[in-house]
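Shown next, in structure tokens, is the structure this report addresses.
The values are calculated or read from the model by the stated rules, or taken from the named source; none is laboratory data. This structure is a prediction, so every number in the text was calculated from the model and none was measured. All Cβ positions, even for glycine, are placed from backbone atoms using ideal geometry, and neighbour counts span all protein chains on display. The area values use the complete protein model at the heavy-atom level, side chains included, leaving out ligands, DNA and RNA. Shrake-Rupley method; radii C 1.70, N 1.55, O 1.52, S 1.80 Å.
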Amino acid sequence: MQFVEAHGAKIPVLGLGTWELSGRICSRVVEQALRLGYRHIDTAQIYENEREVGEGLRASGVRRDDVFVTTKVWTTHFAPHDLLRSTKDSLSKLRMSDVDLLLLHWPNSHVPLAETLGGLARAKELGLAQHIGVSNFTVALIEQAVTLCTQPLVCNQVEYHPYLDQTKVINACLDHGMAVVAYSPIAKGRAKNAETLIRIGSGYGKTAAQVCLRWIVQQDIVAIPRTSKIERLSENIGVFDFELSEEEMREIFAMASPKGRLTNVGFAPKWD
């Protein structure tokens, strides 16, 4: 496994996303992923599967200290006191004393950013999280957050795949020493049928999905593909034994389009 480092955090470059995974399926997929060599698991309060993620980790037999665990605070818990309370509740469900990374899940205009970041920093100071960061922040919000937060923000987790140009956000993160974590890195399955990725993959004996993930991690960006299928876990982690050429990287960058975003960004409150 390779790592991306940011402000003292050492994040495994490939992890398992758990959005929409629940119950026994969630715990089983987490367990099998860890047995296969994954060392980064991503969950969130709104996923309502933190308990199952913890169960899967314990069932795997992998030491807790060897796994990088991320969870995210939902927008309704952004008032400082509620943020700390909800984080403690997350830890109780996970049955962990802390998480490696605690993120704000989306911006929320109903609570002052300074107050929310104060609560997030306090969670780190209290030892509830080793590191803190944000998710779905724009360039403008990144600039505000870095200025307002008293603790280093180690990452911004955003939608990123070949169909969506995130150059401005990525550059803003790099300017502040922050890592970028890509969710929906295979574009919710769309990338599997992309002719460009299929053609490139044929030269390496790799699938389109593997080429897509390789493109991301080769940029030193963390990818957290989600799957409910055990057989896909081995496919997704099999991206470290080949390297794309500069021309192939450019071809994949060229797949981006103005309508490439897949996430409905209208469902969560934003900062103005």
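Go through the residues of the range 182-201 one by one and say whether even a single one is touching a strand residue (DSSP E or B) at 6+ places or on another chain (Cβ under 7 Å), β-branched (V, I, T) and part of a helix (DSSP H, G or I).
no
Could you please find all residues in the range 202-229 being open to solvent by 40 Å² or more (accessible area, probe 1.4 Å) and either outside any loop (DSSP other than H, G, I, E, B) or within 22 Å of I170 (Cα to Cα) (or both)?
S202, Q218, Q219, D220, R226
Filter the range 116-130 down to residues that are open to solvent by 30 Å² or more (accessible area, probe 1.4 Å) and in contact (Cβ under 8 Å) with a residue 40 or more places away in the chain and give me whichever is nearest to I170 (Cα to Cα).
Checking each candidate, the answer is Q130.
So if I check each of S86, S92, S109, which one is more than 23 Å from G177 (Cβ to Cβ), over 19 Å from the mean Cα position of the chain (by Cα) and open to solvent by 70 Å² or more (accessible area, probe 1.4 Å)?
Within the list S86, S92, S109, the selection yields S92.
Filter the range 18-56 for residues that are within 20 Å of T87 (Cβ to Cβ), touching an Asp or Glu at 6+ places or on another chain (Cβ under 9 Å) and surrounded by fewer than 24 Cβ atoms within 10 Å (Cβ to Cβ) and give the result.
W19, A44, Q45, Y47, E55
Restricting attention to the range 131-141, which residues are under 19 Å from the mean Cα position of the chain (by Cα) and surrounded by fewer than 20 Cβ atoms within 10 Å (Cβ to Cβ)?
Once the filter is applied, which keeps residues that are under 19 Å from the mean Cα position of the chain (by Cα) and surrounded by fewer than 20 Cβ atoms within 10 Å (Cβ to Cβ), the range 131-141 yields T138, V139, L141.
Per-residue answers, yes or no, for (1) touching a Pro at 6+ places or on another chain (Cβ under 6 Å); (2) among the β-branched types (V, I, T); (3) under 25 Å from H7 (Cβ atoms); (4) at pLDDT 95 or above:
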residue	(1), (2), (3), (4)
N156	no, no, yes, yes
H161	yes, no, no, yes
L164	no, no, no, yes
A172	no, no, yes, yes
V181	no, yes, yes, yes
I200	no, yes, no, yes
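(1) of a type in the set (A, V, I, L, M); (2) surrounded by fewer than 19 Cβ atoms within 10 Å (Cβ to Cβ); (3) within 16 Å of the chain's Cα centre (by Cα): which one isn't true of V154, the others all being true?
Single failed check for V154: (2).
I'm told E247 meets every condition in (1) loosely packed, with under 10 Cβ neighbours inside 10 Å; (2) part of a loop (DSSP other than H, G, I, E, B); (3) modelled with pLDDT of 95 or more except one. Can you identify the failing condition by its number?
With (1) loosely packed, with under 10 Cβ neighbours inside 10 Å; (2) part of a loop (DSSP other than H, G, I, E, B); (3) modelled with pLDDT of 95 or more applied to E247, the lone miss is (2).
Determine whether the range 198-214 contains at least one residue that is polar (S, T, N, Q), within 17 Å of the chain's Cα centre (by Cα) and closer than 25 Å to Q32 by Cα.
no
Scanning the range 164-178 for residues that are of a type outside the set (S, T, N, Q) and in a helix (DSSP H, G or I), which turns out surrounded by the most Cβ atoms within 10 Å (Cβ to Cβ)?
Selected residue: C173.
Taking the range 250-267 only, how many residues are touching a residue at least 40 places away in the same chain (Cβ under 8 Å), open to solvent by 80 Å² or more (accessible area, probe 1.4 Å) and out of contact with any Pro (no Cβ under 9 Å at 6 or more places or on another chain)?
1
Identify all residues within the range 34-63 that are part of a helix (DSSP H, G or I), farther than 16 Å from T227 by Cα and either touching a His at 6+ places or on another chain (Cβ under 6 Å) or aliphatic (A, V, I, L, M) (or both); write none if there are none.
I46, L57, A59
Please verify whether the range 28-36 includes one or more residues that are of a type outside the set (D, E, K, R) and without any contact (Cβ under 8 Å) to a residue 40 or more places away in the chain.
Looking through the range 28-36, at least one residue is of a type outside the set (D, E, K, R) and without any contact (Cβ under 8 Å) to a residue 40 or more places away in the chain.
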